[in-house]
Amino acid sequence: MGEIVIHSVKTTAFDDQKPGTSGLRKKTRHFQQPNYLENFVQSVFNTLGDCRGESLVVGGDGRFFNLEATQTIIKIALANGFKRIIVGQNGFLSTPAASCVIRKYGTLGGLILSASHNPGGPDEDFGIKYNGSNGGPATESITEAIYATSKSITHYVTADVADVNLATLGEVTLGGAVVTVIDPVSDYVELMKSLFDFAKISTLLQNESFSFCFDAMHAITGIYAHRLFEQELGAPEGTVMHGTPLPDFGGEHPDPNLAHAKALVAKMYQNDGPDLGAASDGDGDRNMILGNNFYVTPSDSVAIIAANAHCIPAYRQGLAGVARSMPTSGALDAVATKMGIRCYETPTGWKFFGNLLDANKISICGEESFGTGSSHVREKDGIWAVLCWLNILAERQQSVSEIVTSHWAEYGRNYYTRHDYEALTNEQGNGIINHLLNQLTQPEETSNLIRRIAPTLTLKTCDNFSYTDPVDGTTSNNQGVRFIFSNGERIVYRLSGTGTVGATLRVYIEKLELEKAQQNEDTQQILSELIDLSRVIARIEDISGRTEPTVIT
């Protein structure tokens, strides 16, 4: 094919294209307005500089508008001089698989189309983010530069070519460039085989005395789970629930937690339910782990994976270090201390793990928001976490509950909960945070207030978490308001950066229990005093009118 025709299109800048915790997320119809997506994509390319001769990965979670957006990106990438564009078949690539592909083929990076765990459909959410050449989410300096560019953009360029057939594997030559449509699963499966003992996991999954259930929630991991669990590892057909990706996720909320993965939870809490249950989210980077009648918190999950890393071939030589986001419980810290390795505490957002991973300071990391991962890619990875648990179960020959309770007996149990207040107005969300910041300036009055409400608690310190990256020295301020008590109890508040409407206030509450006899109590009951205190010192009801959280996990 000869030279392609490139058009320069005049446009007007938008003032709302500031990426959040993980990319730009808005309502789908907002993205569909003329030039909105185009402006953001061109802003990314302008920020990257001269893209001529470079390679790019494009893919997403299959939600509504994914295919149309993919075709738009291909044309803008061609016009900006990219010589190779790698696209997942049908526009599919889970977020961890996209990271895998970026790293394997050495591309300049990739554009991932997803709003993660948010609902999909014409009236729901859409998102896009740029991941760098290491496969990880763009650093804050890059996202800030993209935002600055988006506010002053005057034109974008696009190639006058027909849409690429994304249903057919293979290469399409357009001018001097090649668009390669790849199987979105194969490279990822190859990577997983290099990490885990597939023979041992296969033996477990084909054992009639063991049962496993995976809920793909009609999202992207359906195609990965069918291939890995049922085809490669030999789990019985039907192991994967809701395994067909749908543009609206079947009208459900693809967030793997106790509130939204209702079908899986109901199955796991039957007396004859499966031995292991798991779910992943819209784009495949989150996970939930369940045993029969037993829920494993994400904070415990990452700690248990680290403590049992010797069960997994890829990590048997030891861990360089571990890391957790600041709101995640201290369960991982206890494991690191016993191992004699460092546990880094970072702000929320996977991009903060990237430098630590690239510098080989850590091997395993996780967030309380159902995200766990390791040095194999630069994203959290839901399927990887499930394979970790399968490998550990295959090695230890114990149940999920036995593994978790024995872990608590050795390290202590971090009773932990997160209370989300969703869809607050921005004024309400900011009002609560501003009130808390004011509390920090009056520690004596705050201590007196706490003593009146919770006489058993003594405030040790309170602050607004700040993080200095140990690799590049950059500092990230205002990452969450913390109240830390003398016995290690914590209450943490932050506004989420993953929503598309209003503000979501997340409240994290934690208490360590070392006494084995007290480690099997109800979490909400054990934390009730801290929960009551969390609502009063933040004036949540007074400012928002909410008497209860929207979601408790």
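The values are calculated or read from the model by the stated rules, or taken from the named source; none is laboratory data. Given the structure is predicted, the values throughout are model-derived calculations rather than measurements. FYI the Cβ positions are ideal-geometry reconstructions off the backbone, even for glycines, and counts take in every protein chain you see. Areas reflect the complete protein model, heavy atoms only, side chains present, ligands, DNA and RNA absent. Shrake-Rupley method; radii C 1.70, N 1.55, O 1.52, S 1.80 Å.
Within this structure, Arg418 passes the test of being open to solvent by less than 40 Å² (accessible area, probe 1.4 Å) and within 28 Å of Leu514 (Cα to Cα). In region 230-241, the residues that are at negative phi reach residues that are acidic (Asp, Glu) and open to solvent by 70 Å² or more (accessible area, probe 1.4 Å) with C-beta atoms within less than 9 angstrom, at least six apart or across chains, in these pairs: Glu230/Glu237. When the residues of region 103-112 are filtered to those that are open to solvent by 10 Å² or more (accessible area, probe 1.4 Å) and either free of Cβ contacts under 8 Å to residues at least 60 places away in the same chain or closer than 19 Å to Gly23 by Cβ (or both), the one that is nearest to the chain's Cα centre (by Cα) is Arg103. Among the conditions (1) farther than 22 Å from Glu140 by Cβ; (2) in a strand (DSSP E or B); (3) open to solvent by less than 50 Å² (accessible area, probe 1.4 Å), Ser8 misses just one, which is (3). In summary, Asp163 fulfils each of the numbered conditions (1) under 26 Å from Lys75 (Cβ atoms); (2) in contact with a helix residue (DSSP H, G or I) (Cβ under 7 Å, 6 or more places away or on another chain); (3) open to solvent by less than 50 Å² (accessible area, probe 1.4 Å) with the single exception of condition (3). Across region 79-102, the number of residues qualifying as open to solvent by 10 Å² or more (accessible area, probe 1.4 Å) and more than 15 Å from Val185 (Cα to Cα) comes to 5. Across region 214-259, the qualifying residues are those that are acidic (Asp, Glu) and within 21 Å of the chain's Cα centre (by Cα), and the one among them that is most open to solvent (accessible area, probe 1.4 Å) is Glu252. Scanning region 55-65 for residues that are in contact (Cβ under 8 Å) with a residue 60 or more places away in the chain and surrounded by fewer than 24 Cβ atoms within 10 Å (Cβ to Cβ) yields a count of 2. Pairing residues of region 4-24 that are farther than 21 Å from Lys129 by Cα and modelled with pLDDT under 95 with residues that are outside any loop (DSSP other than H, G, I, E, B) and open to solvent by less than 40 Å² (accessible area, probe 1.4 Å), at Cβ distances under 9 Å and at least 6 apart in sequence or on separate chains, gives Ile4/Leu78; Ile4/Ala79; Ile4/Ala159; Ile4/Leu174; Ile4/Ala177. Scanning region 497-553 for residues that are more than 30 Å from Ala409 (Cβ to Cβ), surrounded by fewer than 17 Cβ atoms within 10 Å (Cβ to Cβ), among the polar types (S, T, N, Q) and in contact (Cβ under 8 Å) with a residue 60 or more places away in the chain gives a single hit, Thr550. Of all positions in region 46-54, none carries a residue that is open to solvent by 10 Å² or more (accessible area, probe 1.4 Å) and in contact with a strand residue (DSSP E or B) (Cβ under 6 Å, 6 or more places away or on another chain).
Exactly one residue among Ser141, Ser211 is small (Gly, Ala, Ser) and modelled with pLDDT under 95, and that residue is Ser141.
In the set Glu124, Glu144, only one residue is surrounded by fewer than 23 Cβ atoms within 10 Å (Cβ to Cβ) and free of Cβ contacts under 8 Å to residues at least 12 places away in the same chain; that residue is Glu144. So for region 101-111 (the condition being within 17 Å of Gln71 (Cα to Cα) and either touching an Asp or Glu at 6+ places or on another chain (Cβ under 7 Å) or not in a helix (DSSP H, G or I) (or both)), does at least one residue qualify? Looking through region 101-111, at least one residue is within 17 Å of Gln71 (Cα to Cα) and either touching an Asp or Glu at 6+ places or on another chain (Cβ under 7 Å) or not in a helix (DSSP H, G or I) (or both).
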